[in-house]
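All remarks here apply to the structure that follows.
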Amino acid sequence: MIDENKILENWKDLLEVINKSIIGERRQKLLALYNTLAERMMMAPASGIVHYHNCFAGGYVDHVLRVIECARRVSKQWDEMGAEKNYTDEELIFSALNHDLGKIGDMENDYYIPNT
């Protein structure tokens, strides 16, 4: 579980990732989408099954931030090992940022529906 302060802090961190890592029109479109769905994204869980990862309010954004950090670390190790990369840092962050976007639902409906 995370509290409302951490949920808001995570949201600000996510927007900062977009602003620092994504450029041009892509950034503007992402910010427009994310701001349209802000409340839903901030409150969404990352999974709908209690024993799966981040199944709590705010879990989606928390999970995405962790995936971005892991992607950055793996990419850094890739560089350190002298491997050839066929992607840009922006592409890496974009894919990590949006890897679970379908869990938010569509423009009208949540993906996760609260139930007892």
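The values are calculated or read from the model by the stated rules, or taken from the named source; none is laboratory data. Values in this document were obtained by computation on a predicted structure and should not be read as measured data. No Cβ is skipped: glycine too gets one built from the backbone with ideal geometry, and neighbour counts run over all protein chains shown. These accessible areas exclude ligands, DNA and RNA; they are computed on the full protein's heavy atoms, side chains included. Shrake-Rupley method; radii C 1.70, N 1.55, O 1.52, S 1.80 Å.
For the reader, a short list of remarks on this structure follows.
- Lys/Arg +1, Asp/Glu -1 at C-beta; the chain dipole; positive extreme among Phe94, Ile2, Phe56: Phe94
- The heavy atoms of Ser47 offer some 10 square angstrom of accessible surface to a 1.4 angstrom probe.
- Probe 1.4 Å, accessible area per residue of the chain, Å²: 66 Å²
- Fraction of accessible area attributable to carbon and sulfur, the chain (%, probe 1.4 Å): 55 percent
- Under the shape rule built on the C-alpha gyration tensor, where the axes satisfy a ≥ b ≥ c, segment 1-101 is oblate, since a/c reaches at least 1.5 while a/b does not exceed b/c.
- Measuring r between the beta carbons of Asn86 and Lys20 and using R0 = 22 Å, the FRET efficiency lands at 0.45.
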